[in-house]
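The numbers here are math on the coordinates, done by the rules we state, and not lab data. Since the model is a prediction, treat every value here as computed from it, not as a measurement. So basically every Cβ, Gly included, is an ideal-geometry build from the backbone, and we count neighbours across all protein chains shown.
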Amino acid sequence: MSEGDTTKVIVGTVVEVTTTRKPQTNRTSTFVTADFDLGGGAVNVKAFVPDLTTSPNDADTAAVAAPNNMLENIDALPTVTADTATETDLFHMEAGVDQHPILEQDTESLVQLPVLPIVPNADFGNNNFSEAEAVPAAVAHGTKWYEDDEATLNDTNGSVPIKDFGISTPVGEVLGPNSDIGGKYSRLEYFLLMFPPKQLTTMCQLTNNALVQQNKHIITTGELLRFFGIVILTTKFEYTSRSQLWSTTALSKYIPARCFGRTGMSRQRFNDIWQCLCWSEQPPERPEGMSSQSYRWKRVDGFVARYNDHQSTAFKPSHMICVDESISRWYGQGGNWINHGLPMYVAIDRKPENGCEIQNAACGCSGIMLRLKLVKSKTAREEGDEGGLSDNHLLLGTRILKELVTPWAWTNQVVCADSYFASVGAALELRQIGLGFIGVVKSATKHFPMAYLSRLEFNHRGDRKGLLMKDGLNGSSLMAFVWIDRDCRYFISSVSSLDAGSPFVRY
């Protein structure tokens with residue numbers, strides 16, 4: 001600054017700070033809008049790119065230098081001397097006659113103006129929003145649900161890769177769809193890959209013990225496999241008596257005789273094996289302290305355990321696992337009112353058959369059973385924690401669900417379940433072990449926005465509406481939605497989206 005020049009000082013107030021980012025260069029620019037008092041009641045608003053210097057005492061304040069174009073006609077402004085100027089909110093500017101010289105800033109004399117904290121730029125391709133700024137559309141038992149129609153069209157928690165199911169061979173080869181086009185393996189070999197080897201050996205030993213007690217010939221592994229084949233073959237025919245299958249006389253000129261004798265096993269031998277067949281170990285006498293129901297379940301407990309262990313290691317399920325209940329039809333006596341026959345006889349109106357109820361997990365693409373759990377009593381809580389899970393705070397359906405799918409934890413697979421297992425808590429529990437979840441919600445509505453979704457009005461079949469629950473990182477953790485079929489169907493999901501998918505075809 002040359003001798004004889006004067007310094008003009010004006011007062012300005014920062015009113016807005018905006019930050020923009022150019023997607024092409026990923027460069028960030030900060031613009032400051034300030035009001036400057038020009039004197040005489042005139043106020044000029046200027047937007048400019050400031051020179052920001054962080055104050056060592058306050059990270060939220062910065063020194064802002066006024067632009068050179070503000071210095072035109074500066075002589076018309078009243079002169080503010082050091083005696084009349086305040087120590088804060090001052091802009092020091094030097095005016096030139098024919099040019100606008102670069103302002104020489106003195107960091108000691110620059111004023112510290114409070115500015116708004118600069119918020120990092122939001123990713124415009126991401127629909128996440130701040131939970132503090134958003135108003136929830138519904139609150140269910142303290143859980144906030146937000147409306148974001150655009151975000152519901154994107155996959156919640158990322159997409160799930162498609163996987164094919166497969167069977168592991170003893171040499172480590174995995175056989176999946178279209179992997180054996182040349183027919184290298186026979187149907188018997190595929191059966192042996194799926195059937196637990198320990199179960200086949202155990203059945204031979206236990207069945208032979210029963211055959212010896214009745215003075216019958218013992219059975220070999222090959223004969224037991226032949227017996228299995230005949231049992232499967234009987235499902236292809238209708239008959240009123242088993243003896244008709246070995247008859248050599250045709251019932252009609254249009255239907256040939258079955259002639260099961262050509263299978264290599266006589267009817268008498270088949271009946272002997274059928275009568276002595278054993279699937280699991282059972283003590284000859286009921287141990288002291290064991291209930292009659294538990295003692296009778298011993299006839300199948302070992303088989304179920306060996307099957308579950310084999311499937312968890314030998315079979316590779318697809319990207320989708322379905323959890324549901326099945327019924328194995330029972331023709332004999334049973335029930336909790338009699339110490340004979342099936343210990344737990346289940347008769348449910350919505351089920352086509354009555355008998356033994358089995359809770360199971362199956363591969364969603366192949367339909368192959370992955371894991372079985374027998375329903376042994378009316379009150380399943382009395383059975384204890386068979387899976388070794390200390391989750392007594394969870395709903396019964398959630399505990400059973402975790403027991404069925406735990407062998408496939410952290411595989412990023414999707415579990416689909418009906419209303420017996422589905423709840424908000426179930427979806428959160430599976431997410432903690434690396435599994436996605438889609439389930440139908442009916443009665444387990446805790447934390448679910450049922451009241452909000454049930455009030456919505458729709459006009460067409462296939463219409464849908466969803467709400468999102470955000471996690472601590474403003475990400476969509478769960479989605480609750482309603483879908484219109486003939487009736488309203490409510491779902492809870494931690495994967496997938498509400499975007500239109502391919503039409504479902506039932507074969």
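Miscellaneous remarks
- Relative exposure of 238, 325, judged by other C-beta atoms within 10 Å (fewest first): 238, 325
- Amide H contacts of residue 137 (H built 1.01 Å from N, under 5 Å, at least 5 apart or other chain): 145, 146, 147
- HN-Hα J in Hz across the stretch 199-207 - Karplus 6.51, -1.76, 1.60, θ = phi - 60°, x for Gly and Pro: 5, 5, 5, 5, 5, 4, 5, 5, 5
- The listed peptides 331-338, 224-231, ordered by packing as a protection proxy, come out as 224-231, 331-338 (highest mean of other Cβ atoms within 10 Å first).
- Burial order of peptide ranges 289-297, 463-471 (average beta-carbon count within 10 Å, highest first): 463-471, 289-297
- The phi-based Karplus calculation (6.51 cos²θ - 1.76 cosθ + 1.60; θ = phi - 60°) puts the 3J(HN,Hα) values of the stretch 493-498 at 8, 10, 9, 6, 8, 9 Hz, whole numbers, x for Gly and Pro.
- Using θ = phi - 60° and Karplus 6.51 cos²θ - 1.76 cosθ + 1.60, couplings along the stretch 417-434 (whole Hz; Gly, Pro as x): 9, 8, 5, 5, 9, 7, 5, 5, x, 5, 5, 5, 5, 5, 5, 6, 10, x
- Near residue 278, the amide H atoms lying under 5 Å from its own belong to 207; only residues 5 or more places off or on other chains count, and H is placed 1.01 Å from N.
- Cα shape, the stretch 278-356, gyration tensor, a/c 1.5 rule: oblate
- Dimensionless Rg over Rh [the stretch 196-276; C-alpha; Kirkwood]: 1.04
- DSSP beta bridges in the stretch 334-447 [antiparallel fraction, %, rounded to 5]: 55
- Here the peptides 433-442, 453-462, 184-193, 420-429 are ranked by packing, the mean other Cβ count within 10 Å, and the order with the highest first is 420-429, 433-442, 184-193, 453-462.
- Residue pairs exceeding 32 angstrom between C-alpha atoms, taken from 236/373; 184/351; 378/465: 184/351; 378/465.
- For residue 370, distant residues with modelled amide H under 5 Å away: 361, 362, 363
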